[in-house]
1. For region 177-188, name all the residues that are open to solvent by 60 Å² or more (accessible area, probe 1.4 Å) and either in a helix (DSSP H, G or I) or among the β-branched types (Val, Ile, Thr) (or both).
2. Any chance region 108-116 includes a residue that's part of a strand (DSSP E or B), among the hydrophobic types (A, V, I, L, M, F, W, C), open to solvent by less than 40 Å² (accessible area, probe 1.4 Å) and at pLDDT below 95?
3. So is Leu139 outside any strand (DSSP E or B) and modelled with pLDDT of 95 or more or not?
4. Residues that are open to solvent by 20 Å² or more (accessible area, probe 1.4 Å) and at pLDDT below 95: find the strands (runs of 3 or more DSSP E) completely inside region 10-65 holding 1 or more of those.
5. For region 68-77, indicate whether the set of residues that are open to solvent by 30 Å² or more (accessible area, probe 1.4 Å), touching a residue at least 60 places away in the same chain (Cβ under 8 Å) and in contact with a helix residue (DSSP H, G or I) (Cβ under 7 Å, 6 or more places away or on another chain) is non-empty.
6. Can you find a residue that is open to solvent by 60 Å² or more (accessible area, probe 1.4 Å), within 19 Å of Ala18 (Cα to Cα) and in a loop (DSSP other than H, G, I, E, B) anywhere in region 160-176?
7. Only one of these is charged (D, E, K, R), at negative phi and in a loop (DSSP other than H, G, I, E, B): Arg148, Arg99. Name it.
Amino acid sequence: MSGCFVTGTDTGVGKTVASVALLEALAAAGCRAVGMKPVASGCRRSAEGWRNEDAEALLAASVPTPAYADVNPYAFAEPIAPHVAAADAGVRVALDPLRSAYGRLAAQAPFVVVEGAGGWMAPFAEDLMQADLARAFGLPVVLVVGLRLGAISHALLSARAIVADGCVLAGWIANRVDPQMARAEATLDCLRERLPAPLLGVLDHAPDGRPRPLLDLGPLR
């Protein structure tokens, strides 16, 4: 396949950490891969324009290194829902510029890891959902599950929504966002049984943001 669309069960579950882990694992397997954060809110102004920390992490893990403007076509200052940030900035997030940026990235590497914003149902615009991007790019979805109380319901509902939107759930990644979570392994066992896709790996809790995941990339090849 030519890439994957990374979404999460919620905001703050580690989509960027998982996306970087995927990029690094692909590079270690000898596959050139680049990252993309189509829409990002919570950006800082730099000499080159607005920059987002998550997009910069994807850029740093990309092989080869693409232009930032293609990695993150829409960057907004306020750390709020992307469609609200876009409205506040007087900008309409549109599919065509995103499709063009994706095409330029795909021309540079055989695999593109596209990271969404928030959870699966968080809109980019009134008429643009995350599912629209995954379908337009022709990408299967990888779901990042934050291991904390409520993870089972959030994961199963997200998986159901992904399939209902006509997308393929290629796999899921568990991220130990709560190191004190009780019975975390029981939650993992339940999700292995009930999610209709393979577990690609478990990210250990890492306060420095640099986990050492073991990822099985078989379903993505």
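1. Across region 177-188, the qualifying residue is only Glu185.
2. Of the residues in region 108-116, the ones part of a strand (DSSP E or B) are 111-116.
With among the hydrophobic types (A, V, I, L, M, F, W, C) added as a condition, the list becomes 111-114.
Those still in the list that are open to solvent by less than 40 Å² (accessible area, probe 1.4 Å) too: 111-114.
Next, from what is left, pick out any that are at pLDDT below 95: none.
There is no residue in region 108-116 that is part of a strand (DSSP E or B), among the hydrophobic types (A, V, I, L, M, F, W, C), open to solvent by less than 40 Å² (accessible area, probe 1.4 Å) and at pLDDT below 95.
3. Working: outside any strand (DSSP E or B): yes; modelled with pLDDT of 95 or more: yes.
Considered against the rule, which asks whether it is outside any strand (DSSP E or B) and modelled with pLDDT of 95 or more, Leu139 comes out as yes.
4. Working: elements: 33-36, 39-41, 43-46, 49-52.
The strands (runs of 3 or more DSSP E) meeting that bar are 39-41, 43-46, 49-52.
5. no
6. Yes - at least one qualifying residue is present in region 160-176.
7. On the way: Arg99 fails: in a loop (DSSP other than H, G, I, E, B).
The match here is Arg148.
The values are calculated or read from the model by the stated rules, or taken from the named source; none is laboratory data. Here the structure is a predicted model, which is why all the values come from computation and not from measurement. Cβ sites come from the backbone with ideal geometry, for glycine too, and all protein chains shown count toward neighbours. To get the accessible areas, we keep the full protein, side chains included, count just its heavy atoms, and leave off ligands, DNA and RNA. Shrake-Rupley method; radii C 1.70, N 1.55, O 1.52, S 1.80 Å.
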